[in-house]
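Quick notes on the structure that follows.
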Amino acid sequence: MIVAYGGTLLAVVCGALASWRGGWAERSATAVILMAWFLTPVVQTTFSPHLPLIILDCAQAIALFFISLYSRRIWSLLITACAAAGVTSDIAGWLAPHTLSLAWAYVVTTQFLYGIFVALCLGLAVFECEYLRRHATATAVVS
């Protein structure tokens, strides 16, 4: 429970920073992440993953893939990999629901890799955007 609320708080804080200090890629990823983050409780009615949740997570991973493809930033590659791992975990839980009885693999993947690491990637996006912004300013001053 603490992990879920802490992850949500982390996503909102890092998303707000990415929206405030980021470029188009950071803002787009923040919109995709937060929209999917807050739609997840609407489509997930039970603990085990079902088709609506898998569709939502696939849509999120595809959107992040295209953001990564066009932005060509390090954080976007990491956030896409975390989203793909979450989709893989959802599909594995859907195909083998008997494995969810212990649920360690599913919880670790969804809560940490797909939750907290995605939020941390938004924080990394802010740092990378600031670095690129300052590097471009320093290069313009030298030229």
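The values are calculated or read from the model by the stated rules, or taken from the named source; none is laboratory data. Note that the structure is a prediction, hence the values are computed from the model and not measured. For neighbour counting, all protein chains shown are included, and Cβ atoms are generated from backbone atoms with ideal geometry for every residue, glycine included. Accessible surface is based on the protein model in full, side chains and every heavy atom, while ligands, DNA and RNA are left aside. Shrake-Rupley method; radii C 1.70, N 1.55, O 1.52, S 1.80 Å.
Counting alpha carbon pairs within less than 8 Å and at least 6 residues apart, what relative contact order, in whole percent, applies to the chain?
Relative contact order, the chain: 35 percent.
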Highest-fluctuation residue, Leu17, Leu39, Leu120 considered, GNM on the chain with Cα pairs under 10 Å: Leu39
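Which of the chymotrypsin sites (Phe, Trp or Tyr not before Pro) found in the stretch 7-95 are in a DSSP loop and have at most 15 neighbouring Cβ atoms, other than their own, within 10 Å?
Phe47
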Using only helices, what value at 222 nm comes out for the chain when you add -39,500 (n - 2.57) per DSSP H run of length 4 or more and divide by the total residues, to the nearest 500 deg cm²/dmol? -27000 deg cm²/dmol
What figure in square angstrom, to the nearest 10, would you give for the accessible area of Val42 with a 1.4 Å probe? 100 Å²
Rounded to 10°, Cα long-axis angle of helix 117-142 versus longest principal axis of the chain: 10 degrees
If you line up the long axis of helix 24-43 against the longest principal axis of the chain, both from Cα atoms, how many degrees apart are they, to the nearest 10? 20 degrees
Taking all protein chains in place and a 1.4 Å probe, what share, in percent, of the accessible surface of the chain do carbon and sulfur account for? 77 percent
For Thr45 and Arg133, extending 7 Å from Cα along the Cα-Cβ vector and measuring point to point gives, in nm, a value of 4.4 nm
With Cα extents along the principal axes in Å in mind, check (i) 61, 36, 34; (ii) 63, 29, 23; (iii) 51, 41, 22 and report the label derived from this structure. (ii)
Decide, for the stretch 1-85, between rounded, prolate and oblate: order the square roots of the alpha carbon gyration tensor eigenvalues as a ≥ b ≥ c, take rounded if a/c falls under 1.5, and otherwise choose prolate if a/b is larger than b/c, else oblate. oblate
Which value, in debye to the nearest 20, describes the size of the charge dipole of the chain about its Cα centre when Lys and Arg Cβ atoms bear +1, Asp and Glu Cβ atoms bear -1, and nothing else is charged? 360 debye
